[in-house]
Amino acid sequence: MKVGVMGAGSWGTTIANLLCHNGHQVRIWALEPEVVASINADHENRLFLAGVALDPSLRAVPSLAEAVRDADILVQAAPSHAVRVVTTEVMQALGLSRPIVVSLSKGLEPTTHERVSQILGETMPGCPVVILSGPSFATEVAEQHPTAVVAASTDATAARAVQGAFSNAYFRVYSATDVLGVELGGALKNVIAIAAGIADGLGLGHNPRAALITRGLAEMARLGQALGADPMTFAGLTGIGDLVLTCTGHLSRNRSLGVALGQGRSLDDILGERRTVAEGVKTAKTALELADELGVEMPITREVERILFEGKSPRQAIRDLMERELKAEQWR
């Protein structure tokens, strides 16, 4: 197949490289000229995936139109806040073509609260949309560590096509139809990972991490169910699977941001030194706005939002969580 990848961050580059290994013809669009040069001349993305040797057949281009031309599959790898702008430009370049669009983004659009699949339905009408999500650090996939993810779509033919195109000996793709649940799991787990990182940064041990993962999962499932998702989706790879990985793995951007907050650093300082995006920062505010609209209780998300945007002390936030009204345990 001919594949165009929109975005050359660590995950977009990793997936582009995987697809080359699977025998596909892949062009990847990079915003940064130095990334284009590095991939084409040195077969390495030194800015976002340093140290990983890329397939020599992978071609980087500076033009979105060139990346998507004649593609059978488009891989959307831009951060969630940039999806609308990038895909609107892509649609103008497609002409009459309507390839399958596979989104790697895990987040919610801040201004509209929309999920990526909803944005793509508006900006790329007629293109089958597949959401690829699950517990998957880019570096580990690039190093060919065994990984399992989910391709979610309301179009069964498109989901099967993505399964066949992406799967190999180290990357296993399951299919699913609960697009809403899969997307929410991928977005909301980043907020809980910030909370877990804060607890680690405070040096609080293993007990609070286990509690945050478990009660965080309950929050995710509650909001998902209120929006119409299948609550059992949150028991799968894109729910508890991705949540555990992101809350415990040292490669997690969101957990590491939380660790820095717990150690007393300010959000502005942390974000100022990063080239990569921690999606959980924007998602915390958006998810809380959704929860308030629907009357869904999300206490962990609320405290994370207060730490991020209201300057609340992490220790006070944990104290307030622990001293909430006592109640029976419910996971959804």
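Laboratory data are not the source of any read-out in this text; all were calculated from the coordinates shown. None of these values were measured; they are calculated from a predicted model. Counting neighbours? That spans all protein chains shown, and the Cβs are built from the backbone with ideal geometry, glycine included.
Could you work out the local net charge near Gln76, counting Lys and Arg as +1, Asp and Glu as -1, over the other residues with Cβ closer than 15 Å to its Cβ?
Net local charge, Gln76 excluded: -2.
Can you run phi through the Karplus equation (6.51, -1.76, 1.60; θ = phi - 60°) for region 288-301 and list ³J(HN,Hα) in whole Hz, with x for Gly and Pro?
5, 5, 4, 4, 5, 4, 9, x, 9, 7, 9, x, 5, 4
In terms of modelled amide H atoms, which long-range or inter-chain residues lie less than 5 Å from the amide H of Phe171?
When sequence neighbours closer than 5 places are left aside, the close amide H contacts are Thr147.
For a bin width of 5 Å, list the pair-distance distribution of region 83-147 built from all Cα-Cα distances, rounded to whole %.
Calculated P(r), rounded to whole percents: 4, 16, 23, 20, 14, 14, 9, 2.
Can you pull the one-decimal nm distance between simple spin-label points at Asn168 and Arg319, each 7 Å off the Cα toward Cβ?
Result: 5.3 nm between the two label points.
Calculate how large, on average over all directions, the projected area of the Cα convex hull of region 2-177 is; give the answer in nm² to one decimal.
9.0
At a Förster distance of 22 Å, what's the computed FRET efficiency of Ala148 paired with Asp72, Cβ-Cβ distance as r, to 0.05?
It comes out at approximately 0.35.
How many Lys pairs in the chain lie less than 27 angstrom apart by Cα atoms, where the lysines are 8 or more positions apart or on different chains?
13
If one computes the Cα centroid of region 194-234 and of region 54-117, what distance in Å separates the two points?
Here the answer is 30 Å between Cα centres.
If you take every DSSP beta bridge fully contained in region 23-140, what fraction is antiparallel? Give it as a percent rounded to 5.
15
Compute and list, largest first, the equivalent-ellipsoid semi-axes of region 148-286 from the alpha carbon gyration tensor, each √(5λ) rounded to a whole angstrom.
29, 17, 14
So between Gln25 and His43, what do we pick up on full extension, going 0.36 nm a residue minus the alpha carbon distance?
5.0 nm
Tell me, what HN-Hα J-couplings in whole Hz come from the Karplus equation 6.51 cos²θ - 1.76 cosθ + 1.60 at θ = phi - 60° for each residue of region 308-324, using x for Gly and Pro?
In residue order, the calculated couplings are 5, 10, 10, x, 5, 5, x, 5, 5, 4, 5, 4, 5, 5, 5, 9, 5 Hz.
Return the long-range amide H neighbours of Ile100 (sequence gap of 5 or more, or a different chain), with a cut-off of under 5 Å between placed amide H atoms.
Leu74
Under 13 Å from the 7 Å Cα→Cβ point of Glu289, by amide nitrogen: which residues of region 206-232?
none
Mind checking the full-extension length gain between Leu271 and Thr112? Use 0.36 nm per residue of separation minus the Cα-Cα distance, one decimal, nm.
Length difference between fully extended and current span is 54.9 nm.
Taking the DSSP beta bridges in the chain as the whole, what percent of them are antiparallel, to the nearest 5?
If I count the DSSP bridges inside the chain, around 15 percent turn out antiparallel.
For region 240-307, which trypsin sites (Lys or Arg not before Pro) are both in a DSSP coil and crowded by at most 10 other Cβ atoms within 10 Å?
Counting only loop positions with at most 10 other Cβ atoms within 10 Å, the trypsin sites (Lys or Arg not before Pro) in region 240-307 are Arg275.
What's the longest bit of the chain with no exposed GluC sites (Glu not before Pro), using DSSP loop states and at most 11 other Cβ atoms within 10 Å as the test?
Counting only loop sites that pass the neighbour cut-off, the longest clear stretch is 1-272.
Starting from the amide H of Asp230, placed 1.01 Å from N in the peptide plane, find each other amide H under 5 Å away whose residue is 5 or more places distant or on another chain.
Excluding prolines and chain starts, which carry no amide H, the hits are Gly181.
What order do you get for 98-110, 146-158 when each peptide is scored by the mean count of other beta carbon atoms within 10 Å, highest first?
For the peptides 98-110, 146-158, the packing ranking is 98-110, 146-158.
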